[in-house]
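Student: So that we are looking at the same thing, I have put the structure below in structure tokens.
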Amino acid sequence: MTNNLWAGTAVTVVMPTYNEAANLPRMAEAVLQLPLDGLHLKIVDDSSPDGTGRIADELAEKYNTKGQRRMSVLHRTEKDGLGRAYAAGMSLALDEGAEYVVQMDADGSHPVEAVPRMLGTALANGVGLVIGSRYVEGGSLDEDWGAHRVLLSRFANRYARTVLGTRIRDITAGFNLWSAQALRDVDLATLDSAGYSFQVELKYKAVRAGHSAVEIPIRFEERTEGVSKMTLKTQLESAVVPIRLRMKNK
């Protein structure tokens, strides 16, 4: 049953993948079962050696029945960072007419069932950004996260918030819903970040462009299949990007 508030609203979930063959089938099923009649799932695969791209094509063929294009796959020839994969998928979603774009990981860490609540929040409040937040009241992290990861995540958020002077509590969050206008005002082609710091840069520039952000609490789960893509290089970039953004926007 579709809520009248979002009936017919064109929403594209952009989901980058790299070696997510074990996770993608269940994630695609969960997303496409959401009660949103304007929903589309776009996979952005960076030539995964484990066959994720092939699986994505097979799933798209399965779900695109009765003249409905519910799922599509963007195949990229190189792995050059999560941020660039997202930018490519989000830009294509805008070109195809998406009114809202959702960023979601393919590893199951983001609660799929929260997407309608995020869309409802955006529509009811007229905001350009809704963040699935681990660090507002009611938000939480999986107990399987080690203490060092929890500390690192909390420090990264506090560090970025302090450097950039923002009130967003989970500025590093990767589970976000954007209005098409907010993404156009940011201009995805101008973003500098290639890795996870893309999440910080995009939010910072959207707020500077005049868009309001609302955070809603989510529970962030630990992945059950595959391995994390976080590397030392992306951690270093995440440390440098907030300083670079602040210097450019004094």
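The values are calculated or read from the model by the stated rules, or taken from the named source; none is laboratory data. Because the structure is predicted, anything quoted here is derived from the model rather than measured. With ideal geometry, Cβ positions are generated from the backbone for all residues, glycine too; neighbour counts draw on all protein chains shown. Areas reflect the complete protein model, heavy atoms only, side chains present, ligands, DNA and RNA absent. Shrake-Rupley method; radii C 1.70, N 1.55, O 1.52, S 1.80 Å.
Student: Can you tell me how many residues within the stretch 24-52 are among the small types (Gly, Ala, Ser) and open to solvent by less than 10 Å² (accessible area, probe 1.4 Å)?
Tutor: Final tally of qualifying residues: 1.
Student: Now for a different question. Within the stretch 172-181, count every residue that is crowded, with 19+ Cβ neighbours inside 10 Å and of a type in the set (A, V, I, L, M).
Tutor: Result for the stretch 172-181: 2.
Student: With respect to Ser72, determine if the residue is assigned to a helix (DSSP H, G or I) and closer than 23 Å to Ala180 by Cα.
Tutor: So Ser72 fails the test.
Student: Follow-up. Taking the options Arg161, Arg154, Arg169, Arg184, name whichever one is buried (at least 17 other Cβ atoms within 10 Å of the Cβ), part of a helix (DSSP H, G or I) and of a type in the set (Lys, Arg).
Tutor: Every option except Arg161 fails the conditions.
Student: Follow-up. Looking at this structure, is Arg70 under 19 Å from Ala7 (Cα atoms), of a type in the set (Lys, Arg) and either touching a strand residue (DSSP E or B) at 6+ places or on another chain (Cβ under 6 Å) or open to solvent by 40 Å² or more (accessible area, probe 1.4 Å) (or both)?
Tutor: yes
Student: Would you check which residues across the stretch 104-119 are open to solvent by less than 10 Å² (accessible area, probe 1.4 Å) and not in a loop (DSSP other than H, G, I, E, B) and list them?
Tutor: Ala114, Val115, Met118, Leu119
Student: Another question about this same structure. Out of Val73, Val101, Val31, I need the residue that is under 13 Å from the mean Cα position of the chain (by Cα) and modelled with pLDDT of 95 or more. Which one?
Tutor: Matching residue, one of Val73, Val101, Val31: Val101.
Student: Moving on. If you take the residues in the stretch 120-149 that are without any contact (Cβ under 8 Å) to a residue 24 or more places away in the chain and in a helix (DSSP H, G or I), which one is most open to solvent (accessible area, probe 1.4 Å)?
Tutor: By that ranking, first place goes to His148.
Student: Report the residue count in the stretch 107-156 for those that are of a type in the set (Asp, Glu), farther than 17 Å from Val214 by Cα and either in contact with a Gly (Cβ under 7 Å, 6 or more places away or on another chain) or modelled with pLDDT of 90 or more (or both).
Tutor: 2
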